[in-house]
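Accompanying notes for the structure given below.
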2 protein chains.
Amino acid sequence: MTEPAYVAVDWGTSSFRLWLVDRAGQVLTERRSGEGMLAAAKAGFPAVLRSHLAAIEAPDHLPVLVCGMAGAKTGWVEAGYVDTPAPLSAVLKQAVRVPGEARDIRILPGIAQRDAAAPDVMRGEETQLLGALGLDAAGEALVCMPGTHSKWVRVRDGVVERFSTFMTGELFSVVSRETILSLAVAGADEAEDVASFKAAVKAAYEAPAFAANLLFGARSRQLLFGGTPAAARETLSGTLIGVELAAGLSGLVPQAGVKLIASGRLAMLYRLAFEALSVNADTVDADEAVRRGLSMAAAAIWTKSEDL
Amino acid sequence: MTEPAYVAVDWGTSSFRLWLVDRAGQVLTERRSGEGMLAAAKAGFPAVLRSHLAAIEAPDHLPVLVCGMAGAKTGWVEAGYVDTPAPLSAVLKQAVRVPGEARDIRILPGIAQRDAAAPDVMRGEETQLLGALGLDAAGEALVCMPGTHSKWVRVRDGVVERFSTFMTGELFSVVSRETILSLAVAGADEAEDVASFKAAVKAAYEAPAFAANLLFGARSRQLLFGGTPAAARETLSGTLIGVELAAGLSGLVPQAGVKLIASGRLAMLYRLAFEALSVNADTVDADEAVRRGLSMAAAAIWTKSEDL
């Protein structure tokens, strides 16, 4: 086994992922847990990190690089923001060292859009962008990063120019569980209903103002025409994603199409949605992107010193 | 005191309202409770009604007319639907008598739009429409009925032609209580912030596809620029209402403007929203409308018989 060079951590709101990485950027060990910011705020961030480092027997001198919500005001140590227009290279330069720890632990900043008409923030996604696009990708990219709080980002020549957050994933969660529509989706199996999903994406894309009506239609359709809970669930999902795409694609779409940074089921759903609208989308795996971004940052931070 | 002629009941999903009415349509007594369909499905509809009738000492022969969710499949006795295009006069003709009750108890049907592309249902609002517009109002009306599930209805010469339900009220409730935005509105006092509300209505009306982004903006704005919980709450409310208005006003708006059937705080909010968009809205009180609709139906059903 090659020698570990650093530990990379993606510390989100509700998830914690840690990788032990060697000098070449190869992953030696991975750990995942539900100890995201919300859980860690109670248990204590140092304790959570220490327990994972102990579990992988990380040497005392091994540095740790963290991205995500651990750097929020309500996180471990506030890591601030790089303001838009934000060069991705500035993100790695503004990593904040956690005080009072013998080990060299640094947290990457987020990006803020201090525009009174369209204020927005990201934490964690900047590291995915770094990993997916690199430091000095020439040209313009329109990036879609689906999730609980999806981000649409315009990057030009390595600089994050503008971005918008859409709470699509969180809306899907509360709409399908906490509203009258929970009756329509109750008992839905995992079987996909691609036709219902694509139809909903198109309908919402074409008439986004009708979103709250299209959602309710999932229930009315069941009452009047029957239909499976799975079809209703796909209608909710397709409607919310279709509205997001109507906004995300409302500006200029680069010739190359959209860069989709996503993993697993979300990647699959968004690929189907882009397909329904005949929009080109080139997928980059989100897990891989954040790991690559952390590696690039770690190399930039520690390569010049004796720590690595 | 004049003699009571009938009892009118508006039996919604989560509320129960009962009026004892004389032959001239004057209200002699009113009762309100939280025993809507959801509660009554557990306690039993006959028992709930009987307890209220006993409390007002209603004579045994007094007939009862009910509108609303008591007529749903999951209600007391299914009262079916009148299909669109639905003459409001057909609603009172299709009242369903509750079987097995010595007392003459009838439930008014809802209205269904059996359009596979835009399926929709209403129950209770048809009675408000009847009360607000009358049986044979000439001309065209565009009616906005805000609520948990807002309805926008196009009525021509006494016939409900088309309608759309928007789950605006329910979305506001879950978004402000069950998502990350609950942090932004926590501790909001009752003080209104008309400027934030109107600005949000306008922004959402102009870019409805950005709804999920405008909602999230309430939190980003607080993080980056400060701002009160009340301002955040008004932003959520204004955004959701603005999107609804973008859809509701997307067709032809009659010269006379919109007929707004609403009461209390909702009436106030929607009036402000229409004002923000410079759209004429003529308000009819929703409570009064449903009572008047029930009276019209009761008169039509029982006037010819000896019961009244």
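The values are calculated or read from the model by the stated rules, or taken from the named source; none is laboratory data. Quantities reported herein were computed from a predicted structural model and do not represent experimental measurements. Cβ atoms come from the backbone with ideal geometry, glycine included; neighbour counts cover every protein chain shown. Note: accessible area is taken over every heavy atom of the protein model, side chains too, but ligands, DNA and RNA are not part of it. Shrake-Rupley method; radii C 1.70, N 1.55, O 1.52, S 1.80 Å.
Before moving on, here are some points about what is shown:
- You will find that of A:Ala79, A:Ala95, A:Ala72, A:Ala55, the residue that is more than 14 Å from every other protein chain (Cβ to nearest Cβ), touching a strand residue (DSSP E or B) at 6+ places or on another chain (Cβ under 8 Å) and open to solvent by less than 40 Å² (accessible area, probe 1.4 Å) is A:Ala95 and no other.
- Against the conditions (1) touching a Pro at 6+ places or on another chain (Cβ under 8 Å); (2) buried (at least 23 other Cβ atoms within 10 Å of the Cβ); (3) more than 20 Å from B:Trp76 (Cβ to Cβ), B:Gly158 satisfies every one except (2).
- Residues that are touching a residue at least 60 places away in the same chain (Cβ under 8 Å) and crowded, with 23+ Cβ neighbours inside 10 Å were ranked within region B:169-194; the one that is farthest from B:Lys259 (Cα to Cα) is B:Val175.
Residues checked against (1) in contact with a Lys or Arg (Cβ under 7 Å, 6 or more places away or on another chain); (2) modelled with pLDDT of 95 or more:
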residue: A:Ala40; (1), (2): no, no
residue: A:Ala47; (1), (2): no, yes
residue: A:His52; (1), (2): yes, yes
residue: A:Leu92; (1), (2): no, no
residue: A:Val96; (1), (2): yes, yes
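- So A:Phe197, is it open to solvent by less than 50 Å² (accessible area, probe 1.4 Å), in a helix (DSSP H, G or I) and in contact with a His (Cβ under 7 Å, 6 or more places away or on another chain): no
- The set of residues in region B:132-150 being facing another protein chain (nearest Cβ under 10 Å) and either in contact with a Cys (Cβ under 8 Å, 6 or more places away or on another chain) or not in a loop (DSSP other than H, G, I, E, B) (or both) consists of B:Ser150 alone.
- Beta carbons closer than 7 Å, at least 6 apart along the sequence or on distinct chains, pair a first residue in region A:56-68 that is over 19 Å from A:Arg292 (Cβ atoms) with a second that is of a type in the set (A, V, I, L, M) for A:Ile56/A:Leu20; A:Ala58/A:Val7; A:Ala58/A:Leu20; A:Leu62/A:Val7.
- Some residue of region B:249-265 being open to solvent by less than 20 Å² (accessible area, probe 1.4 Å), touching a helix residue (DSSP H, G or I) at 6+ places or on another chain (Cβ under 6 Å) and in a helix (DSSP H, G or I): no
- Residue check for B:Lys202: surrounded by fewer than 24 Cβ atoms within 10 Å (Cβ to Cβ), at pLDDT 95 or above and within 22 Å of A:Ala207 (Cα to Cα): yes
- Selection count where residues are hydrophobic (A, V, I, L, M, F, W, C), more than 8 Å from chain A (Cβ to nearest Cβ), within 19 Å of the chain's Cα centre (by Cα) and not in a helix (DSSP H, G or I), scope region B:157-187: 3
- Unique residue being under 30 Å from A:Ser173 (Cβ atoms) and outside the structural domain of B:Trp11 (by TED's automatic domain parsing) when the list is B:Val153, B:Val160, B:Val174: B:Val174
To keep it simple, each residue is scored yes or no on (1) closer than 28 Å to B:Arg123 by Cα; (2) in the same structural domain as B:Gly124 (by TED's automatic domain parsing); (3) modelled with pLDDT of 95 or more.
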position: B:Ala218; (1), (2), (3): no, no, yes
position: B:Gly226; (1), (2), (3): no, no, no
position: B:Arg233; (1), (2), (3): no, no, yes
position: B:Arg271; (1), (2), (3): yes, no, yes
position: B:Glu275; (1), (2), (3): no, no, yes
position: B:Val279; (1), (2), (3): yes, no, yes
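- Matching residues in region B:10-19 - criterion: being open to solvent by less than 10 Å² (accessible area, probe 1.4 Å) and either closer than 13 Å to B:Leu62 by Cα or in contact with a Ser or Thr (Cβ under 9 Å, 6 or more places away or on another chain) (or both): B:Phe16, B:Leu18, B:Trp19
- Candidate set: region B:127-150, residues that are buried (at least 20 other Cβ atoms within 10 Å of the Cβ) and under 9 Å from the mean Cα position of the chain (by Cα); chosen: the one farthest from B:Glu244 (Cα to Cα): B:Gln128
- Qualifying residues in region B:105-126 (those that are of a type in the set (D, E, K, R) and more than 10 Å from chain A (Cβ to nearest Cβ)) - the one least open to solvent (accessible area, probe 1.4 Å): B:Glu126
- Identity of the residue in region B:212-240, open to solvent by less than 20 Å² (accessible area, probe 1.4 Å) and touching a Pro at 6+ places or on another chain (Cβ under 8 Å), that ends up nearest to the other protein chains (Cβ to nearest Cβ): B:Ser220
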